[in-house]
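Here is the structure we will look at.
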Amino acid sequence: MKELFGNSCYAYCLAYIFGKDKDIKALTARVLDGWYFDYIQEDGFVKKPVDYVKMIDNSLKFRDVKKVPISSLSDIPDGMIVAVEYKYLSGSHFVVCQKGKVLFDPSEPSNSVRNGKPVSYRLFF
């Protein structure tokens with residue numbers, strides 16, 4: 001459980017973006033559902049992000065996801081809410097952002113956001 005919850009920031013971000021409920025209990029339930037259905041590995045890695053998002057909201061028709069490089073949060077297109085990857089030291093961390101600001105950080109306050117740099121966001125299409 002320590003590995004699952006300690007490394008599931010991307011899963012939490014996807015649950016926040018695509019789910020209806022934003023409270024931490026509902027988000028945690030989505031992470032556990034994703035783990036149960038094998039979309040999330042035991043170490044928290046989201047191995048099937050499109051399937052996980054469809055599990056969260058079965059009306060979504062995404063077929064793929066791609067990594068879009070950025071150098072700052074101002075690079076996010078207007079109106080989009082996305083999972084942004086921050087790099088800090090030797091690790092990475094995901095948070096939910098829109099242009100210019102962080103909306104949700106699963107580990108708030110995280111060292112990655114405070115001291116790191118945004119390097120990419122995930123675009124579902």
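Some values worked out for this structure:
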| item | result |
| --- | --- |
| Chain lengthening between L60 and D43 when straightened (0.36 nm per residue, less Cα-Cα) | 3.5 nm |
| Share of carbon and sulfur in the accessible heavy-atom surface of the chain [1.4 Å probe, %] | 51 |
| Unsatisfied cross-links (Cα-Cα over 27 Å) in the set K2/K99; K2/K61; K66/K87; K61/K117; K25/K48 | K2/K99; K2/K61; K61/K117 |
| Loop trypsin sites (Lys or Arg not before Pro), segment 20-73, which have at most 16 other Cβ atoms in a 10 Å radius of their Cβ (DSSP) | K20, K22, K47, K61, R63 |
| Stretch gain in nm, segment L89-S72, where the contour uses 0.36 nm per residue and the Cα spacing is subtracted | 4.4 nm |
| Where labels lie 7 Å past Cα in the beta-carbon direction, separation of A29 and M80 in nm | 3.1 |
| Residue-normalised accessible area of the chain, expressed per residue, 1.4 Å probe, Å² | 57 |
| 3J(HN,Hα) from dihedral phi, segment 114-125, Karplus parametrisation 6.51/-1.76/1.60, rounded to Hz, x for glycine, proline | 5, 10, x, 9, x, 10, 6, 9, 9, 10, 8, 8 |
| Rg in Å to one decimal, and Dmax rounded to a whole Å, for the chain via C-alpha atoms | 13.5, 38 |
| Estimated [θ] at 222 nm from DSSP helical runs (n ≥ 4, -39500 (n - 2.57)) normalised by residues in the chain, nearest 500 | -9000 deg cm²/dmol |
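The values are calculated or read from the model by the stated rules, or taken from the named source; none is laboratory data. Bear in mind the structure is a predicted one, so any value in this text is a computation, not a measurement. Reconstructed Cβ throughout: ideal geometry from the backbone, glycine too, with neighbour counts over all protein chains shown. To get the accessible areas, we keep the full protein, side chains included, count just its heavy atoms, and leave off ligands, DNA and RNA. Shrake-Rupley method; radii C 1.70, N 1.55, O 1.52, S 1.80 Å.
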